[in-house]
1. Which of the GluC sites (Glu not before Pro) found in the chain are loop residues per DSSP with 16 or fewer other Cβ atoms within 10 Å of their Cβ?
2. Starting from 0.36 nm per residue, how many nanometres of slack lie between VAL29 and GLU41 once their C-alpha separation is accounted for?
3. Contour minus end-to-end for VAL5 and VAL53, with contour as 0.36 nm per residue of separation and end-to-end as the Cα-Cα distance?
4. Test of understanding: in a Gaussian network model of the chain with alpha carbons linked when under 10 Å, which of VAL29, VAL44, VAL12 would top the mean-square fluctuation ranking?
5. Read phi for every residue in the range 50-56 and hand back ³J(HN,Hα) as whole Hz from Karplus 6.51 cos²θ - 1.76 cosθ + 1.60, θ = phi - 60°, with x for Gly and Pro.
6. Read through the labelled values [x] 53; [y] 47; [z] 31 and report the label of the one computed as percent of Cα pairs over 17 Å apart from the structure.
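Quick note: the coordinates plus some simple rules give every number you see, no bench work behind them. Treat the numbers as computed from the prediction; the structure is a model and nothing was measured. Cβ coordinates were reconstructed from backbone atoms using ideal geometry, including for glycine residues, and neighbour counts include every protein chain displayed.
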Amino acid sequence: MPGMVLTIEPMVNMGRDDILIDGEDGWTVTTTDGLPSAQWEIQVLVTETGYEVLAY
């Protein structure tokens with residue numbers, strides 16, 4: 001649907017994919033094994049003729 005904006009938010013972990021969500025803020029995510037991980041957001045706009053990447 002043109003005009004719709006969506007995000008793709010991959011999370012890449014060095015270790016296992018098991019996570020914990022902070023019970024106090026309900027937002028902070030950590031890995032259960034404590035190994036490094038990275039998360040980023042790709043924001044995409046659906047246009048009349050295809051798509052446009054807004055943020056990468």
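1. Those satisfying the criteria are GLU24, GLU41, GLU48.
2. Computed gain between VAL29 and GLU41 is 2.8 nm.
3. Working: separation 48, 0.36 × 48 = 17.28 nm, distance 0.96 nm.
Separation in residues times 0.36 nm, less the Cα-Cα distance, equals 16.3 nm.
4. Its mean-square fluctuation being the largest, the pick is VAL29.
5. 3J(HN,Hα) across the range 50-56, in whole Hz: x, 8, 9, 7, 8, 8, 9.
6. [x]
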